[in-house]
Amino acid sequence: MLSISRCTERLYYSDAFLYQTSSTVTKVGSDYVELAATVAYPEGGGQEADVGTLELVSGESIRFIHARKMYGKRATIPGFPDIQLDGVIEHVVHPDDVPLLAGLKTGDEVQISIDVLRRAQLSLSHTASHLLYLGVAQVRPDAIDWTLGCHIRPDGARFDFGVEQRFSLDEVRAVEQIANEFVARGNAVLTYAHPEHIDARYWECEAHTMPCGGTHIGNTAPIGRIAVRRKSMGAGKERLSCQFEQAAFDIAPFHTGHAGPQPGHSGGGTS
Ligand SMILES: [Zn+2]
């Protein structure tokens, strides 16, 4: 069985607003680069991957268009049924930049930066998706047991549920209202690790806790108004999606440090 002892240090856990770092190349693949440490969140838990650039010592710049976690180890931690621990993160290089990999080798230093606006949007979208889910948990607890999956994009998020009974218009409205009440209260969003492993992580808001290893913003207020829509995906499958009417994303925390978006910060955006 294939065994990889390398493990990429995931800096987005210790600081969700860190957008660049210098690191050492641990492997150069045919179309990807592996680093000792990264700020790039790999696709996982429904959240899309970060994209960004690797700056070489030579001054050349290599774009990466995807990040993926590989060779994780299956583990059994209560509450985390499908978790993969450790592993490496591969930064998949833009096809046009693949020839530049010839100038890169294991041990080289690079500066990695992520697309900050995309990360801010993904973190906001991901946080909003939890509020949608909390709404469903109150309005249709039967659906929670049949969650088929989720997809978190920069401009919105969706959940699929395997339920025979469709969501009524009133139920969709009730879910939307509950989600927006969380936003209006502007409470803190916390993330922290399970004592057994840094990869087993929790999301928490107003004493609601869920297992989640994604990236989030530090407060519900900057989400603005959430619009919830329902779509039938055929017999026995319902989709709820959320979008944001206010798109005044605040990326300042990435440049100023670790405070995270503050309540009201994005309220007066006119852009
Ligand atoms: Zn989450």
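In whole angstrom, and with the biggest value first, how far do the Cα coordinates of segment 9-114 range along each principal axis?
That gives 47, 28, 24 Å along the principal axes, largest extent first.
Where Lys and Arg each count +1 and Asp and Glu each count -1, what net charge lies around residue 97 among other residues with Cβ under 11 Å from its Cβ?
-2
With the Cα gyration tensor of segment 140-247 in hand, give its eigenvalues times 5 under a square root as the equivalent ellipsoid semi-axes, listed largest first in whole angstrom.
24, 19, 13
Once neighbouring chains are kept in place and the probe is 1.4 Å, which whole percent of the accessible area of segment 118-256 is contributed by carbon and sulfur?
Here it works out to 51 percent.
On a full-extension model of 0.36 nm per residue, what is the gain between residue 70 and residue 168, subtracting their alpha-carbon distance, rounded to one decimal in nm?
31.2 nm
What's the local net charge at residue 244, with K and R +1, D and E -1, over the other residues with C-beta under 9 Å away?
-1
Label-point separation (nm) for residue 146 and residue 245, each offset 7 Å from Cα along Cα-to-Cβ?
About 3.1 nm separates the two model spin labels.
Note the full-extension length gain between residue 198 and residue 229 as 0.36 nm times their separation in residues minus their Cα-Cα distance, in nm to one decimal.
Value of the extension gain: 7.7 nm.
Helix 116-139: angle to the longest alpha-carbon principal axis of the chain, degrees 0 to 90, nearest 10?
The two axes meet at around 30 degrees.
Give, as a single signed number, the net charge of other residues whose beta carbon lies under 15 Å from the beta carbon of residue 107, with Lys and Arg counted +1 and Asp and Glu -1.
0
Which lysines, on any chain, are close to residue 105 with Cα under 17 Å apart, when same-chain ones fewer than 8 places away are left out?
Of all the lysines, those that pass the test against residue 105 - Cα under 17 Å, at least 8 places apart if same chain - are 27.
Determine the per residue accessible area of the chain with all protein chains present and a 1.4 angstrom probe, expressed in square angstrom.
On a per-residue basis, 47 Å².
Highest GNM mean-square fluctuation, the chain, Cα pairs closer than 10 Å: which of 59, 149, 162?
In this elastic network of the chain, the residue with the biggest mean-square fluctuation among 59, 149, 162 is 59.
Calculate, in nm to one decimal, what residue 155 and residue 113 gain on full extension: separation in residues at 0.36 nm each, minus their alpha carbon distance.
So the extension gain works out to 13.0 nm.
How large, in percent, is the carbon and sulfur part of the accessible surface of segment 9-114 at a probe radius of 1.4 Å?
Carbon plus sulfur share of accessible area: 53 percent.
For the chain, set up a GNM with springs between Cα atoms under 10 Å and report which of 22, 58, 241 has the largest fluctuation.
Result for the chain, Cα springs under 10 Å: 58 fluctuates most.
Which residue fluctuates the most in the chain, going by a Gaussian network model with Cα springs under 10 Å, if the choices are 77, 178, 226?
Answer for the Gaussian network model of the chain: 77.
Using only the alpha carbons, work out the radius of gyration and Dmax of the chain in angstrom.
In Å, with Rg to one decimal and Dmax whole: 19.5, 60.
With r as the distance between the Cβ atoms of residue 36 and residue 187 and R0 = 41 Å, compute the FRET efficiency 1/(1 + (r/R0)^6) and round to 0.05.
0.65
The values are calculated or read from the model by the stated rules, or taken from the named source; none is laboratory data. Predicted model, so just to flag it, every value in this text is computed and none were measured. Reconstructed Cβ throughout: ideal geometry from the backbone, glycine too, with neighbour counts over all protein chains shown. What goes into the accessible areas is simple: the full protein's heavy atoms, side chains included, and nothing from ligands, DNA or RNA. Shrake-Rupley method; radii C 1.70, N 1.55, O 1.52, S 1.80 Å.
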